[in-house]
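The structure under discussion appears below in the form of structure tokens.
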Amino acid sequence: MLRHLLAIGMMLCLMNLFTAQAQQQTPVMTSAARTFLTSLSPEQKAKATFPFTDDERYNWKFVPAERRGIPLRELNETQRKAGMDLLRSALSESGYGKTLAIIQL
């Protein structure tokens, strides 16, 4: 019984920590998203955004595949930096580092 209470207590602590970190990160991510979107031309923005209900949000694969969206090669340096800042705001440092390594491949 004590073991279960400790496990539940640890889970609640972790959930509170995650929630607190997410709440702190939300303004940073929101700001980065706005910066990225405002850097795009109307044509680029149309490529880069989708309604929440669009099936494209389920198009996750870990192999090269045809996807809709705006490729990095179509962005200028300022737009690319804003996009990478948005990505960094959404990932851990480890996740961001892995993403950069994959992009460089």
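The values are calculated or read from the model by the stated rules, or taken from the named source; none is laboratory data. These figures come from a predicted structure and were not determined experimentally. Every residue, glycine among them, receives a Cβ derived from its backbone with ideal geometry; neighbour counts consider all protein chains shown. Protein only, heavy atoms only, side chains kept; ligands, DNA and RNA dropped before computing areas. Shrake-Rupley method; radii C 1.70, N 1.55, O 1.52, S 1.80 Å.
The table below gives the values:
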quantity: Filter result (part of a helix (DSSP H, G or I), under 19 Å from residue 105 (Cβ atoms) and not charged (D, E, K, R)) within segment 34-88; calculated: 72, 83, 84, 87
quantity: Segment 39-57, subset modelled with pLDDT under 95 and of a type in the set (Ser, Thr, Tyr), residue nearest to the chain's Cα centre (by Cα); calculated: 49
quantity: Selection from segment 70-87 of residues that are open to solvent by 40 Å² or more (accessible area, probe 1.4 Å) and in contact (Cβ under 8 Å) with a residue 40 or more places away in the chain; calculated: 85, 86
quantity: Residue that is surrounded by the most Cβ atoms within 10 Å (Cβ to Cβ), among those in segment 28-69 that are touching a residue at least 24 places away in the same chain (Cβ under 8 Å) and β-branched (Val, Ile, Thr); calculated: 35
